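This report concerns only the one structure given below.
The values are calculated or read from the model by the stated rules, or taken from the named source; none is laboratory data. Computed from a predicted model, the values in this text were never measured in an experiment. Cβ placement follows ideal geometry from the backbone for every residue including glycine, while neighbour counts extend to all protein chains displayed. Surface accessibility is based on the protein's heavy atoms, side chains included, excluding ligands, DNA and RNA. Shrake-Rupley method; radii C 1.70, N 1.55, O 1.52, S 1.80 Å.
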Amino acid sequence: MSSSIETRLFINNEASEAAVPDSQAYQFVESKTEKTYKLYNPATDEFVADVHQAGAQDVDAAVAAAEAAFPAWRDTPVHVKAGLFNKLSTLISQSKEELWNLERMAMGRTFGFAHFEVMGCAGLMAQHAGIALHVQGKSSLNTPGMITFTLKQPYGVVAGILPWNVSLIMFAMKTAPALATGNCVIIKSSEKSPLGVLKVAALFKEAGFPPGVLNIVTGTGPTTGSLIASHMKIRKIAFTGSIATGKKVMAAAAASNLKNVTLELGGKSPAIIFGDADIQKAALAVQMSIHLNSGQHCQANSRVFVHESIANEFTEALVKLMTSRSIGDPSDKSVFQGPQGDKIQKERIVSILEQGKKDGTVLCGGKAADVNGKGHFIEPTIIKDVGDASILATEEIFGPVVILNTFKTDEEALERANNTEYGLYSSIYTKDVERALKFATFLEAGAVGLNCSAPTQGMDMPVSGWKQSGIGSEMHMYGVENYLQTKAVYMKYEDVPFH
Ligand code: NAD
C-alpha cells in the first residue's frame, strides 16, 4: 500500500527520477535527512506509509525555491493567477474520493466529513481567484504640498503550519490568500495527516502553478516545525494548532527575525440553550457540533448550559442523538463516527475522562469504545453537573465528549459561558431577539451563533480566536490582509512651511 502513496517533500516541483510514473507531470523529492516516520491507520492499526522527515537542509531548500520564484509570481497578472486557482479548485473537487481515502487512512476521516472538507478546500481556492483585485491602498491630500498613498505588498516568503484535524481546509486557508497576494509559501503539514496535503500539491502542479510558488515539507513539530518558526528568511507565519504549540511558535518567531505571526488555536466553546428554544433543533445542532469528525473540531460546542426549565427534555434528546450514530471503520462510507486521530489522541481523552468523571454524572459513554478490538475509538460521552473548575470544563478534550450544566438566570449563563481562557465560537438558542443580540454582544468569542453552532461558517466571515484562542483573523479579506505589508508613499508637489 505504502508504495502507491506519495510521502516525499514537494519542493520547487523538482523532478526526482525515482519512483515517478512517467505519465505524471508532477514530482517530489526525498528528505535529505534520509529519515522517515511511520503512519498507522487509527481505525485498524495497520501500517499506512513511511513519511519523509524534513530537516534543516530541506527547509532551506524550500525557502530558496520560494525566494527564487517570488519576483515572477508577484508580477504574474491577477487574471493568470485566477485561472490557476479555478483549475486547481476543479481538480480538488474531482479528487474527493482519493483525498478522502488518504485522510481516512492517516487520521480516520469519515466520508461525510471528507465531503465537507474537500468541498471547503476547493471552494476556498475558487474564492481566491481574482481576490487580489480587491487589494488596494488609499490616497490622501492631508499632508500639505503632497499627494500621499499607501501600497499593499506581499512579504515574499511566508509559511503555514497545519493541524491534522481539518488539514485540507487549513491548508487552503493559508495557501490561498498567501499565493493570491503574490507571496510564495512553505507549508508544514501535520505529521498525523500529511497525505492529503501532498496530493493537493500534485494538483497545484497539474493546475499549472510554477515551481517554487508552493513548497511542502512533512515532519514532526519539534524538528521541522520549529525550523520553520525560527527561519530567518521567512517573514510571516500562520499557525493553526494547540495553544501550547502556538506559544512556542510565537516565541521562536520573536527570538529569530520577529516574523509576523497569526495564530488560530484551541477552543472550549459554550452553547446556551434557553427555555424558549426549539429543543429538538437545538439538540441536533449541539450534537452535530460536538460529534462531527469524532469531536476533533476546534470550535465544537463542548460545554452546554441548558435552562433548568427544559433540562430534562433537552438532555433526553441529546443523549438519544449522541448514542444513535454509527461508530466504526470509516472505510464504510455510511459510518458517522470514526476513530480519534491516532493512539495518542485516544489515550489523552481516556486520561482526561478518568480524571474528570468523578466531577459529574456520566449519562452515556465515558470510556474508549471497542470496535472489533482494533483502532482508537471513544464512546460518545455526555457528563452532566460538572463544575466549572473540573478538568472536563477547562481542558480542550478534542473528542466526542460534551459536558452539560443547568442554569437559572441569563446573568449566570453569560458569566459561566465566558468563564474560560478560550474564545472561539459561542452559541445561544432562543427565540427572544433582544436576548440574542445582548448575548451576541457580550459573549467573549471570535464568532457567535444565534440558533446555530459551529461549524456554521460563512465564506466572507472571519475565523478569529479571542483570549488564548488566537491572534488575528483568517478567511476572505481578513485572511488576505495577513499576507500584505503596508507602505506609505509621499509625492511632493510644492514646499509648504511647517506649521
Ligand atoms: P499541535 O499544536 O499539536 O500541532 C499543530 C502543528 O504544530 C503540527 O503541524 C505540529 O507538527 C506543529 N508543531 C508541534 N510542535 C511545534 C513546534 N515546537 N514548533 C513548530 N511547530 C510545531 O495541534 P494539533 O494536535 O495538530 O491540532 C489540534 C489543535 O489545533 C487543537 O487545539 C485545535 O483546537 C486546534 N485547531 C484550531 C483551529 C482554529 O481555527 N482555531 C482549527 C483547527 C485546529
Fill in: Sites Asp276 and Ile471, calculated FRET efficiency, Cβ-Cβ separation with R0 51 Å, nearest 0.05
0.90
Worksheet item: Hey, what angle do you get for helix 195-207 against the long axis of the chain, alpha-carbon based, 0 to 90 degrees rounded to 10?
Response: 40
Worksheet entry | Cα gyration tensor, the chain - rounded (a/c under 1.5), prolate or oblate | oblate
Discussion item. Let me check I've understood the local charge: for Val350, count other residues with C-beta under 12 angstrom from its C-beta, Lys and Arg +1, Asp and Glu -1. What total comes out?
Written reply: +2
Worksheet entry | Long-range amide H partners of Lys32 with built H, under 5 Å | Gly55, Asp58
Worksheet item: Label 7 Å along Cα→Cβ of Asn312; the range 350-372 residues with amide nitrogen under 18 Å?
Response: 363
Worksheet item: Along the range 416-427, what does the Karplus equation 6.51 cos²θ - 1.76 cosθ + 1.60 (θ = phi - 60°) give for ³J(HN,Hα), rounded to whole Hz, x for Gly and Pro?
Response: 6, 4, 7, 7, 7, 7, 8, x, 9, 7, 10, 10
Worksheet item: Tilt of helix 78-94 relative to the longest C-alpha principal axis of the chain, in degrees (0 to 90, nearest 10)?
Response: 40
Worksheet item: What range in the chain is the longest one free of chymotrypsin sites (Phe, Trp or Tyr not before Pro) that are in a loop by DSSP and have at most 10 other Cβ atoms within 10 angstrom?
Response: 1-492
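Report, for the chain, the % of DSSP beta bridges that are antiparallel, rounded to 5.
The answer is about 40 percent antiparallel.
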Discussion item. As I understand it, the value is the acute angle between the Cα axis of helix 279-291 and the longest principal axis of the Cα atoms of the chain; what does it come to in degrees, rounded to 10?
Written reply: 50
Practice prompt. Taking DSSP loops as anything outside H, G, I, E and B, show the longest stretch in the chain free of GluC sites (Glu not before Pro) there with at most 10 other beta carbons within 10 Å.
Written response: 35-493
Item to complete: Subtract the Cα-Cα distance of Thr76 and Glu46 from 0.36 nm times their separation in residues, and report this length gain in nm to one decimal.
Response: 6.3 nm
Fill in: Candidate residues Leu437, Leu414, Leu39: accessible-area rank, largest first, probe 1.4 Å
Leu437, Leu414, Leu39
Worksheet item: Using the Karplus equation 6.51 cos²θ - 1.76 cosθ + 1.60 (θ = phi - 60°), what ³J(HN,Hα) coupling, rounded to whole Hz, does each residue of the range 402-407 give in order, writing x for Gly and Pro?
Response: 10, 9, 10, 10, 9, 9
Worksheet, complete the sentence: Expected vector for the range 98-105, Karplus 3J(HN,Hα) from phi with 6.51, -1.76, 1.60 and θ = phi - 60°, integer Hz, x for Gly and Pro, equals 5, 5, 4, 4, 5, 5, 4, 5
Worksheet entry | Nitroxide proxy distance, nm - points 7 Å out along Cα→Cβ at Ala56 and Ala251 | 2.0
Response to the item:
Mean separation of Cα contacts under 8 Å (at least 6 apart) over the residue count of the range 308-411, i.e. the relative contact order in percent, is 23
Worksheet item: In deg cm²/dmol and to the nearest 500, what is the mean residue ellipticity at 222 nm of the chain if only DSSP H runs of at least 4 residues count, each as -39500 (n - 2.57), divided by the residue total?
Response: -11000 deg cm²/dmol
